[in-house]
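Asker: Before anything else, here's the structure in question.
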């Protein structure tokens, strides 16, 4: 007998049984919905045969694993459709991703939207054919021969890169065969609701030195209603995309002759960064942080002490050659080794700790060109960086303070409700990536786990996501398209202090190394601005808006009164502009609305006579007439309290 333990039940079978048969023994509906199963924690397909006692969880589209199975199958349907229509296309890779799938192709012709429609129609035919996906395995030599015969050089390269003991598996669906680890749905008919979303360029293996391929993105669901809802959400996301909206609102631009990942902040965008920076710096100063100002570059000697030269050099902009130049410099990718010099300026006592050093730091990272995206991922950026040196008995409280400060700032910005937490740990199987011993990492991660659990932080664990010198809490956020990035990092480091000779004299006279907390408060200003554009669709809270009030005189004879109002508002530190163009009133109002200005003050004959203003709110519409003093009091309250 084979005993299968389900979530709420146990079932016994007299002989080996497939996952599909297990699902069918529970209900016909579950059998129809089943896409695979977790068998003792391993994802398998419905045809997998169970021949021993185990734990089983049937996977449907409701589970993340089920979604991945269906969408991975959809990527194979896409590849088969492309090969039918373009027989000379070469296959690269086609994984399932969050909210969809993609497949990369090497093709002679450049695809457009009409081509996507044609491919989508061919996919529908393949789905209707309900073609079975059959898994088979081959020895390495036979696997290479099969792909060579099919003229698939990218697949041959992938096979050659697999470890010698790898299981090399394929999936056959009708006349189409693909190298793939799986698992997949039983047949193509499972892909009920799908749509191809776009086609873009993508370097083979993400390396800009490799050939540019064509990547077709798609999405798939188990029903048409959910697909429709997702497409509608995606259309809304496009409207909020900071890369589009930020340019339309004249917040930033990019210039080819300057380079990728090097945006130009226009006056309005620069003003918003300035507002954010002042908010952060003032709040940090009020909580005991001292500002430093350190160089933007240093000799390689500094980075060799910190370990960046060995573990991060490929991501740095290096000037010079160590073999030919007396001195080699590099632009800084982070500020920590520079700020440590402020600590090292003189001997420190336990009474000097904690020492909290902050800096508005401009950093440089040599990101791959394929990774650039608007303001979210750039090569030069400014960050609210800080390093805190403390005694072991101060560590937990100081970590809590850092997290509380970050959460407060994100709450003021309106982003707190959108974040999640990741406890980023090292990967002990990839020792070359990290410095320190197993014991040091165990201690650092154990300390951090204790702190996070004590604070009640709801986190996920990210193995291999730690920095090379310590574990960290990454505060994660998604952009409008669902791609997740790190917004803020708070990190415990007990290794670099020793490397840099950072010590303090303890109460007993002994010399000790401080613990270091690396942290940001709202992270990278450019990325934060991008997320704010998308969060508010450009309609920022009044305190953040680059222009808070637009004065609109009805005609030229009202210009003088408008300028008087502008002066009063400016003196009250309200950011104000006056539209003195020779345009119709309705046109000026529409322009202000498109610019998403929080308040418009309309002034005509009536307002000049009464000495008042007619107030129009972006959010609440016509607010009637007010004295300028009353309006200033109201808007200052909104600004000072950072109301949303």
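The values are calculated or read from the model by the stated rules, or taken from the named source; none is laboratory data. It should be emphasised that the depicted structure is a prediction, and the values quoted were computed from it without experimental measurement. Backbone-built Cβ (ideal geometry, glycine too); neighbour counts: all protein chains shown.
Asker: Can you say whether residue 120 is more than 27 Å from residue 48 (Cβ to Cβ), touching a strand residue (DSSP E or B) at 6+ places or on another chain (Cβ under 6 Å) and assigned to a helix (DSSP H, G or I), as far as the supplied structure shows?
Answerer: yes
Asker: Let me ask another. Determine whether the stretch 380-395 contains at least one residue that is free of Cβ contacts under 8 Å to residues at least 40 places away in the same chain and part of a helix (DSSP H, G or I).
Answerer: Yes, the stretch 380-395 contains at least one residue that is free of Cβ contacts under 8 Å to residues at least 40 places away in the same chain and part of a helix (DSSP H, G or I).
Asker: For the stretch 85-96, how many residues meet the condition of being surrounded by 17 or more Cβ atoms within 10 Å (Cβ to Cβ) and farther than 20 Å from residue 125 by Cβ?
Answerer: Matching residues across the stretch 85-96 total 4.
Asker: Name the strands (runs of 3 or more DSSP E) wholly within the stretch 27-79 that hold at least 2 residues that are in contact (Cβ under 8 Å) with a residue 60 or more places away in the chain and either touching a strand residue (DSSP E or B) at 6+ places or on another chain (Cβ under 9 Å) or more than 27 Å from residue 104 (Cβ to Cβ) (or both)?
Answerer: Because the criterion is at least 2 residues that are in contact (Cβ under 8 Å) with a residue 60 or more places away in the chain and either touching a strand residue (DSSP E or B) at 6+ places or on another chain (Cβ under 9 Å) or more than 27 Å from residue 104 (Cβ to Cβ) (or both), the strands (runs of 3 or more DSSP E) in the stretch 27-79 that meet it are 42-44.
Asker: Would you call residue 414 closer than 30 Å to residue 258 by Cβ, at pLDDT 95 or above, under 24 Å from the mean Cα position of the chain (by Cα) and crowded, with 17+ Cβ neighbours inside 10 Å?
Answerer: No.
Asker: Right, another one. Can you pull out every residue in the stretch 361-375 that is touching a helix residue (DSSP H, G or I) at 6+ places or on another chain (Cβ under 6 Å) and either under 20 Å from residue 274 (Cα atoms) or not assigned by TED's automatic domain parsing to the domain that holds residue 526 (or both)?
Answerer: 374, 375
Asker: Continuing with this model, one more query. In the stretch 503-514, what residues are in contact with a strand residue (DSSP E or B) (Cβ under 7 Å, 6 or more places away or on another chain) and in a loop (DSSP other than H, G, I, E, B)?
Answerer: Selection gives 503, 506, 514.
Residue by residue, here is whether (1) under 23 Å from residue 545 (Cβ atoms); (2) touching a strand residue (DSSP E or B) at 6+ places or on another chain (Cβ under 9 Å) holds:
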site	(1), (2)
199	no, yes
202	no, yes
239	yes, no
250	yes, no
256	no, no
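Asker: Next question. List the pairs whose first member sits in the stretch 616-628 and is free of Cβ contacts under 8 Å to residues at least 40 places away in the same chain, whose second member is surrounded by fewer than 12 Cβ atoms within 10 Å (Cβ to Cβ) and part of a strand (DSSP E or B), and whose Cβ atoms are under 9 Å apart, counting only residues at least 6 apart or on separate chains?
Answerer: Between residues of the stretch 616-628 that are free of Cβ contacts under 8 Å to residues at least 40 places away in the same chain and residues that are surrounded by fewer than 12 Cβ atoms within 10 Å (Cβ to Cβ) and part of a strand (DSSP E or B), the close pairs are 616/622.
Asker: Looking only at residues in the stretch 566-608 that are touching a helix residue (DSSP H, G or I) at 6+ places or on another chain (Cβ under 6 Å) and not in a loop (DSSP other than H, G, I, E, B), which one is surrounded by the fewest Cβ atoms within 10 Å (Cβ to Cβ)?
Answerer: Among them, the one singled out is 568.
Asker: Assuming residue 363 fulfils every condition listed in (1) under 19 Å from the mean Cα position of the chain (by Cα); (2) surrounded by 15 or more Cβ atoms within 10 Å (Cβ to Cβ); (3) at pLDDT below 95 apart from one, which condition is it?
Answerer: The one condition residue 363 does not meet is (3).
Asker: List every residue pair whose Cβ atoms sit under 9 Å apart, with the two residues 6 or more apart in sequence or on different chains, where the first one lies in the stretch 532-550 and is at positive phi and the second, anywhere, is surrounded by 20 or more Cβ atoms within 10 Å (Cβ to Cβ) and not in a loop (DSSP other than H, G, I, E, B).
Answerer: 537/245; 538/242; 538/245; 538/246
Asker: Kindly evaluate residue 357 against the criterion of being within 26 Å of the chain's Cα centre (by Cα), assigned by TED's automatic domain parsing to the domain that holds residue 475 and either at pLDDT 95 or above or closer than 25 Å to residue 543 by Cα (or both).
Answerer: For residue 357, the condition - within 26 Å of the chain's Cα centre (by Cα), assigned by TED's automatic domain parsing to the domain that holds residue 475 and either at pLDDT 95 or above or closer than 25 Å to residue 543 by Cα (or both) - is not met.
Asker: From 511, 460, 433, 478, which residue is surrounded by fewer than 14 Cβ atoms within 10 Å (Cβ to Cβ), under 30 Å from residue 236 (Cβ atoms) and out of contact with any helix residue (DSSP H, G or I) (no Cβ under 6 Å at 6 or more places or on another chain)?
Answerer: Sole residue among the options that is surrounded by fewer than 14 Cβ atoms within 10 Å (Cβ to Cβ), under 30 Å from residue 236 (Cβ atoms) and out of contact with any helix residue (DSSP H, G or I) (no Cβ under 6 Å at 6 or more places or on another chain): 460.
Asker: Give me the residue from the stretch 542-565 that is over 33 Å from the mean Cα position of the chain (by Cα) and in a loop (DSSP other than H, G, I, E, B) and, out of that set, surrounded by the most Cβ atoms within 10 Å (Cβ to Cβ).
Answerer: Selected residue: 554.
Asker: Look through 539, 530 and report the one residue that is closer than 22 Å to residue 266 by Cβ and surrounded by 20 or more Cβ atoms within 10 Å (Cβ to Cβ).
Answerer: 530
Asker: Report those strands (runs of 3 or more DSSP E) wholly inside the stretch 129-241 carrying at least 1 residues which are not assigned by TED's automatic domain parsing to the domain that holds residue 72.
Answerer: Because the criterion is at least 1 residues that are not assigned by TED's automatic domain parsing to the domain that holds residue 72, no strands (runs of 3 or more DSSP E) in the stretch 129-241 meet it.
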